[in-house]
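Written below as structure tokens is the structure these notes are about.
The values are calculated or read from the model by the stated rules, or taken from the named source; none is laboratory data. Note that the structure is predicted; figures quoted are calculated from it, not measured. Note that each Cβ is placed from the backbone with ideal geometry, even for glycine, and that neighbours are counted across all protein chains shown. When the accessible area is computed, the model is the full protein with side chains, heavy atoms only, and any ligands, DNA or RNA have been set aside. Shrake-Rupley method; radii C 1.70, N 1.55, O 1.52, S 1.80 Å.
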There are 2 protein chains.
Amino acid sequence: MSLPHALLGLLAVGPNTGYELAKYFEGDLGRYAWQAGHTSVYPELNRMAGSGLIEVTALGPRGAKTYSVTDAGRTELRRWMMAPPADAKVRNEHVLRMFLISALPREDALSLLDRMAESTDESAAELRKVRAEHPDGAPMHGAEGFGQLAAEFGVRQYEAVRDWARWAADRLRAEG
Amino acid sequence: MSLPHALLGLLAVGPNTGYELAKYFEGDLGRYAWQAGHTSVYPELNRMAGSGLIEVTALGPRGAKTYSVTDAGRTELRRWMMAPPADAKVRNEHVLRMFLISALPREDALSLLDRMAESTDESAAELRKVRAEHPDGAPMHGAEGFGQLAAEFGVRQYEAVRDWARWAADRLRAEG
DNA sequence: GCCTCACATGTCAATACTGACATGTCGCTA
DNA sequence: TAGCGACATGTCAGTATTGACATGTGAGGC
């Protein structure tokens, strides 16, 4: 169960409403790290508030509830971050498809690898542009840090996949 | 639902028993791409056999059932591989922890980044050794292909994370 | 021959997650 | 001032997944 820890992490940077928290999961956080819909987020927030990890610290318009992390929550977040469980959960459909390339007929495998290389190259370029908007000396800590770490990670991730796909395609072609 | 596609992919390379299929998920496949226990695998195999994607083609000792992919299964696998759904599911506890680094106090963040850089460097070195055991000209297709693609992907993945962690630690220290 | 371990498959209750549905509010613009 | 779209939270049924439990077999060592 990483969802509560994801929420704890987001709240550790600053108070947020459930709505805003749910939105994070539609961005880079959900794309690279952990996806969740608002239908998981709201019940989880209520559970966490019940167990004292977070608390409602403000009420806004439209019934908005602003949550903040409690001391207990901060302790739990730190514990989880510093001592990762050995059996970390990993599920990634993109990576799965990469692993299964060998199961395809040669021609399909090659065309898929080429497409992967191309699309990850484009994604990397796009992200690099986004990243460029942030000043190079921007603080790495707190709210802005998220975006910068994520963007940099994303760029490197895409580039690694692109290079891997090119390598695999070359190898496969060399066998031809 | 990617589990059936993962199984389809494994079976597309060659017939396997449920037990052997379940074991794949304890290795690199489960570590990087898609994790699943035998308690998901067996019922899923029965479901897939029911819907005609796979079939039992041999019975072995100890009640072992060897499954093979059917034409329908191969078609479905190809469809899924070549036309990825836009909303690919991604869940990765390791990546989540990277994203949340900014939420930690500076000292914790630095020590965690350092540890991440170190452990991914070690993992990369280990995998590189495993990869070296395979002859460089080994076929990229079929059963052996899995291992090679996976190993190469793993190495690049670990190195990318290591480099990212070093970059992040440097940036954070520079802010000092 | 016995013992142990890996092989091999399964059920079932509890938990987690998704997608469809439901409800209402505030701010802006035409 | 009416209407629209984003804001904001939620339930619930159906599905997926996990962890605990259950059961039995074949091979190899002693």
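The table below gives the values:
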| quantity | calculated |
| --- | --- |
| Test: A:GLU76 is more than 10 Å from DNA strand D (Cβ to nearest atom), farther than 30 Å from A:ALA160 by Cα and in contact (Cβ under 8 Å) with a residue 60 or more places away in the chain | yes |
| Residue match in the stretch B:106-120 (condition: acidic (Asp, Glu) and modelled with pLDDT under 95) | no |
| Unmet criterion (only one of (1) facing chain B (nearest Cβ under 7 Å); (2) near DNA strand D (Cβ under 9 Å from one of its atoms); (3) exposed (fewer than 14 other Cβ atoms within 10 Å of the Cβ)) for A:MET82 | (2) |
| Qualifying residue in the stretch A:4-16 (condition: surrounded by fewer than 20 Cβ atoms within 10 Å (Cβ to Cβ), within 14 Å of DNA strand C (Cβ to nearest atom) and in a helix (DSSP H, G or I)) | yes |
| A:GLN35, sole failed condition from (1) touching a Ser or Thr at 6+ places or on another chain (Cβ under 9 Å); (2) on the phi < 0 side of the Ramachandran plot | (1) |
| Residues (touching a helix residue (DSSP H, G or I) at 6+ places or on another chain (Cβ under 8 Å) and open to solvent by 70 Å² or more (accessible area, probe 1.4 Å)) located in the stretch A:38-49 | A:HIS38, A:TYR42, A:ARG47 |
| Candidates A:GLU44, A:GLU20, filtered to the one that is of a type in the set (Asp, Glu), closer than 29 Å to B:LEU3 by Cα and more than 8 Å from chain B (Cβ to nearest Cβ) | A:GLU44 |
| Any chance B:MET116 is at the interface with another protein chain (Cβ under 10 Å from one of its Cβ atoms), in contact (Cβ under 8 Å) with a residue 24 or more places away in the chain and within 24 Å of A:HIS94 (Cα to Cα) | yes |
| Tally, over the stretch B:1-17, of residues that are more than 11 Å from every other protein chain (Cβ to nearest Cβ) and closer than 22 Å to B:PRO61 by Cα | 3 |
| Qualifying positions in the stretch A:50-64 - open to solvent by 40 Å² or more (accessible area, probe 1.4 Å) and under 15 Å from A:LEU77 (Cβ atoms) | A:SER51, A:GLU55 |
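Here is a yes/no grid of residues against (1) more than 8 Å from chain A (Cβ to nearest Cβ); (2) surrounded by fewer than 19 Cβ atoms within 10 Å (Cβ to Cβ); (3) at pLDDT 85 or above; (4) within 22 Å of the chain's Cα centre (by Cα):
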| position | (1), (2), (3), (4) |
| --- | --- |
| B:ARG97 | no, no, yes, yes |
| B:LEU104 | no, no, yes, no |
| B:SER123 | yes, yes, yes, yes |
| B:ALA132 | yes, yes, no, yes |
| B:GLY142 | no, yes, no, yes |
| B:ASP163 | no, yes, yes, yes |
